[in-house]
Amino acid sequence: MWHPPRSTHLNTLRERPLSPHLSVYKMTRYTLATSIFNRITGVILSVGLIVLIYWLMAIASGARSYARAQEILSSGLFKLVYAGLLVAFCYHLVAGIRHLVWDTGRGLERAQAKRSAGVVVAVSIALILILGYFLFFAGARAS
Amino acid sequence: MKSLRSPLGRVVGLGAAKEGVHHWWLQRLTSIALVPLAVWFAISILSLPSLDRVTVIAWMAQSWTALLLIVFVLVATYHSQLGVRVVVEDYVHNSGMKTLTLVILTFAHALLAVAGVFAILKVAFGGAA
C-alpha cells in the first residue's frame with residue numbers, strides 16, 4: 001500500500017546521498033584541508049561582521065556608547081578575536097582568489113592544484129604577519 | 001542517448017533547483033568586488049592614527065570613505081549570506097531545522113546590512129558629531 005510522503009520534498013522521499021560525503025575522504029588531503037579551511041574562515045568572517053556592525057553602530061550612537069564599546073572591544077578577549085579574524089581574513093582572501101582563478105578553468109590539474117595550495121598557505125602566512133604587525137605592534141592603538 | 005530534458009528546459013537552463021547558476025554567479029561577483037574592497041578596508045583601518053571617536057568620525061564622514069564603506073558593508077553581508085546559506089544547506093540535514101536556520105540567518109544578515117548602512121550615513125551626514 002502506498003503511504004503519502006511525510007515531506008513534500010521529493011529529495012527526502014528516499015535516503016539519497018547528501019553532500020558533502022565527508023567520511024569518505026582522507027582528512028589529510030591538502031585539497032580537502034584548503035577547501036574546508038576556506039569554509040571555516042568564511043564562517044568566522046561572517047561572525048566578524050557582527051563586530052564590525054556593532055562598532056559602526058557604536059560610533060553613530062554617541063560618545064558614551066562608543067566609550068562603552070571601546071572598553072569591550074579593547075579587552076583581552078577581543079585581542080584573541082582580532083587574531084582569529086586576521087587569520088580568517090588573510091586566508092579567505094587568498095584562497096578566494098585561488099577559487100576565482102579556478103573558475104576561469106585554469107590551474108585545475110592535480111600538480112597545479114597542489115602547488116597553488118602551497119602558494120595559498122605561504123602567501124596568507126606572509127599577509128598575516130604583515131597585517132598582524134600593523135594591527136598589534138605598530139603604534140599604540142586605542143583598541 | 002536521447003536527453004531527458006525538455007527543449008524548453010534546455011533553453012531556460014535553470015536545472016533542478018529552478019534558479020540555474022544565479023547563486024553561484026552572485027557568489028563570484030561579490031567575491032570579485034570584495035577583493036579590492038576588503039583590501040581597502042583593512043589598509044584604511046590599520047592606517048588610522050588612532051581609533052578614538054573624533055578620528056574615526058573624521059575618517060568616516062569623508063564622502064568617498066562613506067560611499068566605499070557602504071558598498072563594502074552591503075557586498076560583505078550579501079557574500080556572507082550566500083556563503084553561510086550553502087554551509088547550512090550542506091550540514092543541516094533536518095528539513096525543518098534547515099529552513100528555520102536559513103530564515104534566521106537571512107533576517108540577521110538583512111539587519112546587519114541595514115544597521116551598517118544606517119550607522120555610516122548617520123555619521124556621514126553629521127548626525128553623530
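Percentage of Cα-Cα pair distances in the stretch A:34-137 greater than 25 Å, rounded to whole percent?
Working: 1817 of 5356 pairs.
The answer is 34 percent, as a whole percent.
What aspartates and glutamates sit close enough to B:K18 to cross-link, taking a C-alpha to C-alpha distance under 19 Å and skipping anything fewer than 8 places away on the same chain?
Within the straight-line cut-off, B:K18 pairs with B:E89, B:D90.
Order these by the 10 Å Cβ neighbour count, fewest first: A:I53, A:I36, A:I130.
A:I130, A:I36, A:I53
Using the Kyte-Doolittle scale, which helices in chain B average at least 1.0 and also have C-alpha atoms spread 27 Å or more along the helix axis, with helices defined as whole DSSP H runs?
On the way: long enough: B:22-47 (37 Å, 1.05); B:63-91 (42 Å, 1.18); B:95-124 (43 Å, 1.74).
Correct list, ordered by number: B:22-47, B:63-91, B:95-124.
What order do you get for B:W25, B:W59, A:W55, A:W102 when you list them from fewest to most C-beta neighbours inside 10 Å? Walk me through the intermediate numbers first.
Details: B:W25 10, B:W59 18, A:W55 21, A:W102 14.
Ordered by Cβ neighbours within 10 Å, fewest first: B:W25, A:W102, B:W59, A:W55.
Using 0.36 nm per residue of separation minus the Cα-Cα distance, give me the extension gain between A:L32 and A:I125 in nm, one decimal. List each step's numbers first, then the result.
Numbers: separation 93, 0.36 × 93 = 33.48 nm, distance 1.88 nm.
Full extension of this stretch gives 31.6 nm more.
Bin width 5 Å, origin at 0, all Cα-Cα pairs of the stretch B:21-124: what percent of pairs per bin?
2, 12, 18, 20, 17, 12, 9, 6, 3, 1
How much FRET efficiency would the formula 1/(1 + (r/R0)^6) give for A:K79 and B:V54, where r is the Cβ-Cβ distance and R0 is 22 Å, rounded to 0.05?
That pair, A:K79 with B:V54, gives E of 0.40.
Evaluate the distance, in nm, between pseudo-label points positioned 7 Å from the Cα of A:S65 and of B:V35 along their respective Cα→Cβ axes.
For A:S65 paired with B:V35, the spin-label model returns 3.7 nm.
Most fluctuating residue of B:A110, B:A119, B:A42 in a GNM of chain B with Cα springs under 10 Å: which is it?
B:A42
Return the single residue from B:S44, B:S80, B:S31 with maximal mean-square fluctuation; model: Gaussian network over chain B, springs between Cα atoms under 10 Å.
For chain B, modelled as a Gaussian network with Cα springs under 10 Å, the answer is B:S44.
For an R0 of 45 angstrom, estimate the FRET efficiency from the Cβ-Cβ distance between B:A61 and B:Y91 and round to the nearest 0.05.
On the way: r = 42 Å, r/R0 = 0.93.
Calculated transfer efficiency: 0.60.
With springs only between Cα atoms under 10 Å apart, run a GNM on chain B and tell me which of B:A113, B:A16, B:A58 wobbles the most.
B:A16
For the pair B:R28 and A:V24, how long in nm is the line joining their label points, each one 7 Å along Cα→Cβ?
It works out to 2.6 nm between the two label points.
Once each part is reduced to its C-alpha centroid, what is the distance from the stretch B:1-25 to the stretch A:55-78 in angstrom?
The stretch B:1-25 and the stretch A:55-78 have Cα centres spaced 49 Å from each other.
Taking the beta-carbon count within 10 Å as an exposure proxy, list B:K98, B:K122 from fewest neighbours to most.
Values: B:K98 15, B:K122 18.
Neighbour counts put them in this order, fewest first: B:K98, B:K122.
List the trypsin sites (Lys or Arg not before Pro) within the stretch A:56-143 that fall in a DSSP loop (any state other than H, G, I, E or B) and whose Cβ has at most 11 other Cβ atoms within 10 Å. Show your work: numbers first, answer last.
Details: sites: A:R64, A:R68, A:K79, A:R98, A:R106, A:R110, A:K114, A:R115, A:R141; in loops: A:R106, A:R141.
Passing both the DSSP loop test and the Cβ count: A:R106.
Based on the Cβ-Cβ distance from A:I50 to A:L108, what FRET efficiency comes out when R0 is 45 Å, to the nearest 0.05?
On the way: r = 35 Å, r/R0 = 0.79.
The calculated FRET efficiency here is 0.80.
Readers should treat all values here as calculations from the given coordinates under stated rules, not as data from a laboratory. Computed from a predicted structure; not experimentally measured. Using ideal geometry, Cβ is built from the backbone for each residue, glycine included, and neighbour counts are taken over all protein chains shown.
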